[in-house]
Each structure stands twice: as structure tokens, then as C-alpha cells.
Amino acid sequence: MQSFPRLGSVNAALVALYFAPVWGADALRALTSPFYGFEDRVHAVALGYFRALFDLHLGGLLQLSNVLAGTKFVIAIGFLAYLIDFARALAVGRDVNRETLDTVLVVSAIAMMFWAGPALSTADPDLVRMHATQFLLLSGAMIVILIERHIEESRTTEIPAVPGVLQPAESQGRSGNDAQPMHA
């Protein structure tokens, strides 16, 4: 049981506070739009890229629009689920569910490439800046969590004893006040 949340969990919650409403609103707008999201520049650039890549006709393009928007909406719901889990963990005083956090971060980073790749190919500075910022938010959260978990694992694993090297009294099963034999 833990009284304070870890830095990685708080950082991920802040990232989720950004992505849940932003991606959720973008996806919902594209899903409910009579123009299938083509009025949104980011969505339109991604659709134009995939239309040219796969030589899609109009029906395929509209289906792809719904798939991309639906994917973004599901990821936004995943971020919302993490925020709920974070709030519950904070109220109860336990750690957050790692699987939820890992899944949302990895899936969102992979899915972001469906929008960032086409935006990078256009060389539009506004689109590139927006996607680079979002990618840095996600990768920063993943790096903090990765380092935090690495430190946690290094604290829990025991260091093997090396012959001829003095070990701390705790690792030898003694209290430190016990008489230790002298070696010559």
C-alpha cells in the first residue's frame, strides 16, 4: 500500500488529461460530421495519404474515415479509463493498474503514426508541430515510467555476493553487532 502516487503515474494522468478530451472531441466530431471529418485538416491529410497509398475509391475512403475516427475515440476512452483508475488508486492509496496504463500509452503511440506520418509528408509546419508535441508528451510519459520501473526493479533484486568482498551485515543475515570472524 502506498500513500503517494509515483511520478510516472501522475505524469501519465496529466498526459491523459490532455489526450482524453482532445482526441475524444476530434474523433466524435469526425464520427458525427456529415462530411466524415474532411473539414478537420489533420483527419483530411491522413485520409488523403491513405487514399493515395491504397488507391481507395469513395466508399473505401469513407470507411477508412470512420475507422480512423473510431480508433482515436477508443484511445480517448482508454485515457479516460486510466484517469478513473488513477483517481480510484489515489483515493484508496494503492498503485494504478499497470496493464491499463501500458496498453493505452503503447496503442496511442502506435496509432499516432497513422496521423503523424501523413502530416510529416506534407511538411506543413503547423501539423508537424502539433504531432511532434503530442508524440513528445507520449514518449516523455513512457520514458519516465520506464526509468521508474527500472529503478524499482533494481531495488527489489538482490545483488549476488562476490567472494572476497565484504557484504553489508543485513545481506549476511546478521544484525551487525554479531562477532564476525577475521580472515587473514
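Condition check ((1) surrounded by 14 or more Cβ atoms within 10 Å (Cβ to Cβ); (2) out of contact with any Leu (no Cβ under 7 Å at 6 or more places or on another chain); (3) within 20 Å of Leu7 (Cα to Cα)) across all residues:
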{"position": "Pro21", "(1), (2), (3)": "no, yes, no"}
{"position": "Ser33", "(1), (2), (3)": "yes, yes, no"}
{"position": "Tyr36", "(1), (2), (3)": "yes, no, no"}
{"position": "Val45", "(1), (2), (3)": "yes, no, no"}
{"position": "Phe50", "(1), (2), (3)": "yes, no, no"}
{"position": "Ala76", "(1), (2), (3)": "yes, yes, no"}
{"position": "Gln134", "(1), (2), (3)": "yes, yes, yes"}
Checked against (1) in contact with a helix residue (DSSP H, G or I) (Cβ under 7 Å, 6 or more places away or on another chain); (2) under 30 Å from His150 (Cβ atoms); (3) aliphatic (A, V, I, L, M); (4) surrounded by fewer than 21 Cβ atoms within 10 Å (Cβ to Cβ), Leu28 satisfies every condition except (2)
Looking only at the range 1-13, how many residues end up being loosely packed, with under 14 Cβ neighbours inside 10 Å and either touching a Ser or Thr at 6+ places or on another chain (Cβ under 8 Å) or part of a helix (DSSP H, G or I) (or both)?
1
Evaluate the following for Gly70: is it surrounded by fewer than 17 Cβ atoms within 10 Å (Cβ to Cβ), touching a residue at least 24 places away in the same chain (Cβ under 8 Å), in a helix (DSSP H, G or I) and more than 17 Å from the chain's Cα centre (by Cα)?
yes
Looking at (1) out of contact with any Lys or Arg (no Cβ under 6 Å at 6 or more places or on another chain); (2) under 28 Å from Arg41 (Cα atoms), find the lone condition where Leu90 falls short.
(2)
Can you pull out every residue in the range 82-96 that is small (Gly, Ala, Ser) and surrounded by fewer than 17 Cβ atoms within 10 Å (Cβ to Cβ)?
Ala87, Ala91, Gly93
Filtering the range 103-132 down to residues that are among the polar types (S, T, N, Q) and surrounded by fewer than 16 Cβ atoms within 10 Å (Cβ to Cβ) yields Thr103, Ser121, Thr122
Exactly one of Glu148, Glu99 is more than 22 Å from Arg29 (Cβ to Cβ) and surrounded by 15 or more Cβ atoms within 10 Å (Cβ to Cβ), and that one is Glu148
Inspect the range 23-33 for any residue being closer than 21 Å to Thr133 by Cβ, basic (Lys, Arg) and under 15 Å from the mean Cα position of the chain (by Cα) and give the result as yes or no.
no
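Bear in mind that the values in this text are calculations on the coordinates, not laboratory data. Keep in mind the model is a prediction, meaning the values are calculated, not measured. Positions of Cβ are generated from backbone atoms using ideal geometry, with glycine treated the same way; all protein chains shown enter the neighbour counts.
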